Amino acid sequence: MVKTSERISEILREAGAWQTGHFLLSSGLHSKEYLQCQKVLQYPRHGLTLARELVRRILQAELKPAAVVGPALGAVHWELLVAMALDDALPERPVRAIFAERADGGNEFQIRRGIEIARGEPVLVVEDVTTTGGSARKVVDLVRQLGGEPMAVGAIVDRSGGAVDFGIPFFSLVTLQLESYEPAACPWCRQGQPLVKPGSSKK
């Protein structure tokens, strides 16, 4: 029998989401491997498979979020798919899907377009890939500032090897410990390999 984590890894590879090269991560670190989860989330069938597995783990921990919030753009499909899976599992009330946007192209997030977080509303924060946890942590802080109650963080891939700590429960479908480097210590930079910023053709 194939383990759940192994099957999820297979789905990521089959969709071309697990890439190798020389990449600039959103954290500013450099890595030889990159998880471009949008390549798997473009297929709702695969996305829902991943979302249902995350929701199974969330409910197993006896958590019942009323809203799912994810940082745009990376989690803009993922938060919707997770909310749909939660909505199916918790039919007694509709589950909301909300994305947080970067304010004026900066590093801080806002929830805009007339969407509000209710005071005390239980919220699941999601992102596709966690490296340092910086984006998800900012969304957790934003939810608190708006009066909501962050219950947990959920990700498809945790590439910190389990080192990231949000101060609330953290669920990931796959945990990896992939090498990443500060730019000054990057061995692929020293070898002169072109650096690619994922989502862009620029090197």
Margin query: Regarding the stretch 94-107, can at least one residue be identified that is of a type in the set (Phe, Trp, Tyr) and under 13 Å from the mean Cα position of the chain (by Cα)?
Written below: yes
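Between GLU116, GLU149, which is surrounded by fewer than 16 Cβ atoms within 10 Å (Cβ to Cβ) and on the phi < 0 side of the Ramachandran plot? Steps first, please.
Values: GLU149 fails: surrounded by fewer than 16 Cβ atoms within 10 Å (Cβ to Cβ).
So the residue among GLU116, GLU149 that is surrounded by fewer than 16 Cβ atoms within 10 Å (Cβ to Cβ) and on the phi < 0 side of the Ramachandran plot is GLU116.
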Notebook entry, point to check: Among (1) within 12 Å of ALA72 (Cβ to Cβ); (2) of a type in the set (A, V, I, L, M, F, W, C); (3) part of a helix (DSSP H, G or I), where does ALA100 come up short?
Noted result: (3)
Notebook entry, point to check: If you check ALA136 against the conditions, is it crowded, with 19+ Cβ neighbours inside 10 Å, aliphatic (A, V, I, L, M), touching a strand residue (DSSP E or B) at 6+ places or on another chain (Cβ under 6 Å) and farther than 24 Å from ASP165 by Cβ?
Noted result: no
Next item on the list: Would you please list the contacts, defined by Cβ atoms under 7 Å and residues six or more apart or on different chains, that run from a residue in the stretch 81-93 that is within 15 Å of GLU62 (Cα to Cα) to a residue that is modelled with pLDDT of 95 or more and surrounded by 24 or more Cβ atoms within 10 Å (Cβ to Cβ)?
Entry: LEU86/VAL55; LEU86/PRO65; LEU86/VAL68; ALA89/VAL55
Note to self: If I filter the stretch 121-132 for residues that are surrounded by fewer than 20 Cβ atoms within 10 Å (Cβ to Cβ) and farther than 24 Å from LEU12 by Cα, do I get at least one hit?
What the structure shows: yes
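Is it true that SER31 is farther than 25 Å from VAL140 by Cβ, touching a residue at least 60 places away in the same chain (Cβ under 8 Å) and either of a type outside the set (Val, Ile, Thr) or in contact with a Pro (Cβ under 7 Å, 6 or more places away or on another chain) (or both)?
Values: farther than 25 Å from VAL140 by Cβ: no; touching a residue at least 60 places away in the same chain (Cβ under 8 Å): yes; either of a type outside the set (Val, Ile, Thr) or in contact with a Pro (Cβ under 7 Å, 6 or more places away or on another chain) (or both): yes.
For SER31, the condition - farther than 25 Å from VAL140 by Cβ, touching a residue at least 60 places away in the same chain (Cβ under 8 Å) and either of a type outside the set (Val, Ile, Thr) or in contact with a Pro (Cβ under 7 Å, 6 or more places away or on another chain) (or both) - is not met.
Among the residues that make up the stretch 24-33, is at least one of them within 25 Å of PRO94 (Cβ to Cβ), hydrophobic (A, V, I, L, M, F, W, C) and in contact with a strand residue (DSSP E or B) (Cβ under 9 Å, 6 or more places away or on another chain)?
No, the stretch 24-33 contains no residue that is within 25 Å of PRO94 (Cβ to Cβ), hydrophobic (A, V, I, L, M, F, W, C) and in contact with a strand residue (DSSP E or B) (Cβ under 9 Å, 6 or more places away or on another chain).
The values are calculated or read from the model by the stated rules, or taken from the named source; none is laboratory data. In this text the structure is predicted, and so the values were computed from the model without any measurement. We place every Cβ from the backbone using ideal geometry, glycine too, and count neighbours over all the protein chains shown.
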